[in-house]
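Inspection log for the structure reproduced underneath, given as structure tokens.
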Amino acid sequence: MQEVQQWKQLHPYFESPEQGLTIAAAEQLKDSLPQKAYEQLLHWADGRTSLRRLSRRLQRNLGTLARGLYPYVERGWLHPVITRSPSSSTQTNPSTELDSKKKPHVVCIDDDLSVGKTVESILMKNGYQISLITDPLPGLSLIFELNPDVILCDIAMPRLDGYEICAMLRHSKVFQYIPIMMLTGKEGFIDRIRARMVGATDYLTKPFGEQELLLLIENMSPENKDSLKDELKNFSG
């Protein structure tokens with residue numbers, strides 16, 4: 001939980017430990033940093049090495065490293081970028097790629113495995129690509145690696161609830177307009193208002209039926225991205 005709180009303080013410049021860095025102002029960095037630190041940055045700020053991996057390489061605490069780099073990112077001398085996991089860069093069969101583009105990639109964040117498996121079963125048999133996350137703390141970084149088209153997120157989770165996850169994702173440029181649907185066992189007006197306040201696109205009450213889930217996912221598909229983007233802009237003012 002402490003790590004998540006640290007990342008909240010580093011928003012909006014640092015959004016995830018899976019971000020990498022690129023150098024935007026080499027001369028300013030060279031004048032401001034010790035020679036050894038500058039040389040390390042030149043080597044590792046390649047846009048591919050994540051902050052998490054960099055902390056391991058330098059044997060530095062991840063939070064301490066990010067806070068140390070934060071002022072240079074804030075000044076625009078370093079640019080954070082989203083890195084891709086090795087699995088996402090591997091080659092796939094062209095026909096498989098075409099099939100996967102027919103339906104959006106959905107990530108479901110729910111600590112209740114039975115709910116996640118139900119969602120997985122419904123979506124997979126209807127041609128969707130689905131990734132399950134049962135622990136929101138490490139899952140927050142994984143979302144950036146998966147780069148989904150739609151996110152389903154349970155509200156009532158220990159350590160990090162759905163409202164916090166949604167708010168943090170909305171502060172990221174990557175997920176600013178990605179559809180986020182909140183899953184909850186509560187059917188209350190206040191809960192719906194709170195979900196909208198943190199930027200949720202829609203709200204689905206558990207237990208839900210197959211057709212209800214599919215209809216909402218279909219409405220959130222990439223083809224409707226522009227209308228969803230306009231809706232979020234209007235809501236946020």
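Nothing in this text is a laboratory measurement; each read-out follows from the coordinates by a stated rule. The shown structure was predicted, so the numbers you read here are calculated from the model rather than taken from an experiment. Quick reminder, even Gly has a Cβ in these numbers, built from the backbone with ideal geometry, and neighbours come from all protein chains shown.
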Cβ-based exposure ranking for Asp110, Asp135, in which fewest neighbours within 10 Å come first: Asp135, Asp110
Residues whose placed amide H lies under 5 Å from that of Gln129, excluding near-sequence neighbours: Val106
For Ile82, distant residues with modelled amide H under 5 Å away: Gly20
Burial ordering of Ser114, Ser32, Ser141, Ser50, fewest other beta-carbon atoms within 10 Å first: Ser114, Ser32, Ser141, Ser50
Net charge of neighbours whose Cβ lies under 13 Å from the Cβ of Arg192, counting Lys and Arg as +1 and Asp and Glu as -1: 0
Other-chain or far-sequence residues with amide H under 5 Å of Tyr203's (modelled H): Met182
Extension gain (nm, one decimal) between Gln40 and Thr64, 0.36 nm per residue minus Cα-Cα: 7.0 nm
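May I ask you to sort Lys173, Lys103 by Cβ crowding, counting other Cβ atoms within 10 Å and putting the fewest first?
Values: Lys173 9, Lys103 19.
Exposure proxy ranking, most exposed first: Lys173, Lys103.
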Gain in span if fully extended, Val174 to Ser121, counting 0.36 nm per residue against the direct Cα distance: 16.3 nm
Separation of the Arg57 and Glu210 label points, Cα + 7 Å toward Cβ, nm: 4.8
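Can you give the extra length, in nm with one decimal, that the chain gains between Asn147 and Lys30 once fully stretched, where that is 0.36 nm per residue apart less the Cα-Cα distance?
Working: separation 117, 0.36 × 117 = 42.12 nm, distance 3.38 nm.
Value of the extension gain: 38.7 nm.
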